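The values are calculated or read from the model by the stated rules, or taken from the named source; none is laboratory data. Just so it is clear, the structure is predicted and the values come from calculations on it, not from any experiment. Ideal geometry is used to build each Cβ from the backbone, glycine not excepted, and the neighbour counts take in all protein chains shown. Heads up: the accessible areas ignore ligands, DNA and RNA and are worked out on the full protein's heavy atoms, side chains in. Shrake-Rupley method; radii C 1.70, N 1.55, O 1.52, S 1.80 Å.
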Amino acid sequence: MSHSLNESRSLALKAARGAGYDWGIAQDAGRAVFWLWQAGQDGSRPLAELLQYGYATALDAHSCVSLDMPLRGLDKLCPLLLGASLSDLAAKLKARPIEAFNVTCPVLLLPFAGMAARVLNQSVDIHIDGDQVTVDATRSTLRSRLPEHAEYVTLHLSTRRVPVEALGHRAYPSADTLRILSEFAERTYAPATEESRVLGAGSGISDND
């Protein structure tokens, strides 16, 4: 099924919020999904995989213990939390690579690297274990699926150019991915009360005197 990029971003935001992330990180999740679909990659599937791990319920364990290199957590790093740290560290790429250990769903780092590329006006290389991907502000060279977990990730400034291709305008998430994200998104909806059901739209009942 085809969806607009804005629809996919909105669902991703609500799903991340429903999983327990704060609004800032949830907005980052929405932007990341949008960026990946626009760059020709399935952005919804890795987010669905990540949310099922439940990292939002133990943020301290899955975020960086410090901003010293290499970046690491007490447990596997959440790419959304790591991505937020990368945004703060982008300027440091001019001096040295950014390194991180033990990252889940590393494809979700590509949009954050793209943001760094935009800020620095230069492409960025990302090494994810044995894979290398180059990104600029809106595109990447990724053409295959990345592993669900990476032992070692590095980012550094690149002189490579990302081929100029038409940006994607639609998202094509699988039915299973939509189901998972929708289930998380539903957690953000307030449960119906008897009063809200009685006074709901179309009820014909008003509480005005």
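Measure off, as a whole percent, the carbon and sulfur share of the 1.4 Å-probe accessible area of the chain, all protein chains present. Write out the running numbers ahead of the final one.
Working: 5390 of 10680 Å².
With neighbouring chains kept in place, the figure for the chain is 50 percent.
Only one of the values (i) 152; (ii) 534; (iii) 119 was calculated from this structure for volume of the Cα convex hull per residue in Å³; name its label.
(i)
Roll a 1.4 Å probe over the protein chains and send me the accessible area per residue for the chain in Å². Mind showing how you got there, number by number?
Working: 10680 Å² over 209 residues.
On a per-residue basis, 51 Å².
With every protein chain present, what accessible area does Y53 have (1.4 Å probe, heavy atoms only), rounded to the nearest 10 Å²?
About 110 Å², ignoring ligands and nucleic acids.
Can you give the net charge of the other residues whose Cβ lies under 11 Å from the Cβ of M1, counting K and R as +1 and D and E as -1?
On the way: positive: R170; negative: E7.
Here the count lands on 0.
Step through the residues of the range 177-184 one at a time and calculate ³J(HN,Hα) from phi using the Karplus curve (6.51 cos²θ - 1.76 cosθ + 1.60, θ = phi - 60°), rounding each to whole Hz and writing x for Gly and Pro.
4, 4, 4, 4, 5, 5, 5, 5
Shape call for the range 133-181 from the C-alpha gyration tensor, a ≥ b ≥ c root eigenvalues: rounded (a/c under 1.5), prolate (a/b greater than b/c) or oblate? Please report the intermediate quantities before stating the final value.
Working: a/c = 3.11, a/b = 1.36, b/c = 2.30.
Here the range 133-181 falls in the oblate category.
Grab the other residues whose beta carbon is less than 12 angstrom from that of T188, score K and R as +1, D and E as -1, and report the net. Please list the in-between numbers first.
Working: positive: K14, R17, R187; negative: E183, E186.
Summing Lys/Arg as +1 and Asp/Glu as -1 gives +1.
Rounded, prolate or oblate, given the Cα gyration tensor of the range 5-99, with a/c below 1.5 counting as rounded? Please report the intermediate quantities before stating the final value.
Numbers: a/c = 2.20, a/b = 1.34, b/c = 1.64.
Verdict is oblate for the range 5-99.
At a probe radius of 1.4 Å, what is the per-residue accessible area of T159, in Å² to the nearest 10?
Using a 1.4 Å probe on the heavy atoms, I get roughly 130 Å².
Straight-line reach only, C-alpha to C-alpha below 16 angstrom: list the aspartates and glutamates that K76 could link to, leaving out same-chain residues fewer than 8 apart.
The reachable aspartates and glutamates, counting only those whose Cα sits under 16 Å from K76, are E49, D60, E99, D129, E148, E151.
Tell me, what ³J(HN,Hα) does each residue in the range 79-90 have, in order and in whole Hz, if you take phi through Karplus 6.51 cos²θ - 1.76 cosθ + 1.60 with θ = phi - 60° and put x for Gly and Pro?
Each residue of the range 79-90 in turn: x, 6, 5, 5, x, 4, 5, 4, 4, 6, 9, 3 Hz.
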